[in-house]
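A short write-up of the structure that comes next.
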2 protein chains.
Amino acid sequence: MHFYFNLKAGQPLYLQLSQQIRHAVETGALRPGDQLPGIRTLAEQLVVSAATVAKAYSLLESEGVLELRHGSGAFLAVGLKPLKHVENARARVRAVVARLREEGLEDDQIRRLFEAELLYQTEKAAGR
Amino acid sequence: MHFYFNLKAGQPLYLQLSQQIRHAVETGALRPGDQLPGIRTLAEQLVVSAATVAKAYSLLESEGVLELRHGSGAFLAVGLKPLKHVENARARVRAVVARLREEGLEDDQIRRLFEAELLYQTEKAAGR
DNA sequence: ACTGCTGTATTGTTACACCAATACAGTTCC
DNA sequence: GGAACTGTATTGGTGTAACAATACAGCAGT
């Protein structure tokens, strides 16, 4: 597994990382019981500090996604299963993003489009 | 116009606001020459500090989206035009998001799905 | 001119993200 | 036992986000 950062996002790096790991589990790219790279190793790969990776791991542990075994390493919690509906949705999302790009939309415009849609529908549900 | 914040996003409020204004321009919800609410007025509506709104406005001005007239107010730059291809893409995005929700996906899962897709394709283009 | 609106600027405070560096404490293996 | 790996914890520093509170300065209407 390799991860990327969006440095212009304004979103904390440790959050971006934890979300990407979560996503890898949901799509089956990472499987329950798998061992993740060590704090320092991954930090070096991503060119961030070890504390940042530790924070991401620690967050995932508190969410039940990771099991941190002091002295041994970080392992994906057993009992997690890839979510088939997420896995299936990937093709659809990929197609839409490709299509939007063909139409000349910038990544940021695509992000705003989706974020607006998500916010809109949740706020509508909340009765605004 | 009314705006919302995603407090769990980890993204700065002033960025969220500026992006929503940008989006409103792109989709035609706000038009060139339109006057935006005053710093203090909008801050009260959104329950944030006036400095946060000022920061968002100031950012948009530096990007050429807003024209800040000291003493008069904030106006959308003339010479901006709604982007038809963004406007058209909205329906497609709305349909996909609705579909994903019907399939039982959480908002966060949808966000991860799209962010992963956007990151993946840009990094692929960069030759990783 | 005055009043009331605008954006602008400053100060000070709190909290957090991120970093580097270091030490500490479990685990595994030779 | 000792070496080499793990995660954990602490310290100290930098930069930014966000707040409150205040003052300043431009513009418009009465």
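The values are calculated or read from the model by the stated rules, or taken from the named source; none is laboratory data. On a predicted model such as this, the values are computed, not experimentally measured, just so you know. Cβ: placed from backbone, ideal geometry, glycine included. Neighbour counts: every protein chain shown. Side chains included, ligands, DNA and RNA excluded: accessible areas come from the protein's heavy atoms. Shrake-Rupley method; radii C 1.70, N 1.55, O 1.52, S 1.80 Å.
Computed quantities for the displayed model
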read-out	value
Matching residues, the range A:92-110, being more than 7 Å from every other protein chain (Cβ to nearest Cβ) and within 17 Å of the chain's Cα centre (by Cα)	none
From the options B:Leu46, B:Leu68, residue that is in contact (Cβ under 8 Å) with a residue 12 or more places away in the chain and either more than 14 Å from every other protein chain (Cβ to nearest Cβ) or within 15 Å of DNA strand D (Cβ to nearest atom) (or both)	B:Leu46
Enumeration of residues in the range B:1-28 that are touching a Lys or Arg at 6+ places or on another chain (Cβ under 8 Å) and within 16 Å of DNA strand C (Cβ to nearest atom)	B:Tyr14
Qualifying positions in the range A:32-48 - open to solvent by 50 Å² or more (accessible area, probe 1.4 Å) and under 19 Å from B:Tyr120 (Cα atoms)	A:Gln45, A:Val47
Positions within the range B:1-31 being touching a residue at least 40 places away in the same chain (Cβ under 8 Å) and surrounded by fewer than 15 Cβ atoms within 10 Å (Cβ to Cβ), in sequence order	B:His2, B:Gly28, B:Arg31
Residue that is farthest from the other protein chains (Cβ to nearest Cβ) [pool: residues in the range B:49-58 that are open to solvent by 50 Å² or more (accessible area, probe 1.4 Å) and more than 8 Å from DNA strand C (Cβ to nearest atom)]	B:Ser49
Test set (1) within 12 Å of DNA strand C (Cβ to nearest atom); (2) closer than 27 Å to B:Tyr14 by Cβ; (3) part of a loop (DSSP other than H, G, I, E, B) - A:Gly71 fails condition number	(2)
Test for B:Val53: is it part of a helix (DSSP H, G or I), within 11 Å of DNA strand D (Cβ to nearest atom) and within 15 Å of the chain's Cα centre (by Cα)	yes
Those residues of the range A:32-48 which are on the phi > 0 side of the Ramachandran plot and near DNA strand C (Cβ under 9 Å from one of its atoms), in sequence order	A:Val47
Enumeration of residues in the range A:89-109 that are under 22 Å from A:Ala29 (Cβ atoms) and surrounded by 14 or more Cβ atoms within 10 Å (Cβ to Cβ)	A:Ala89, A:Arg90, A:Arg92, A:Val93, A:Arg94, A:Val96, A:Val97, A:Asp107
Qualifying residue in the range B:80-94 (condition: among the charged types (D, E, K, R), outside any helix (DSSP H, G or I) and without any contact (Cβ under 8 Å) to a residue 12 or more places away in the chain)	no
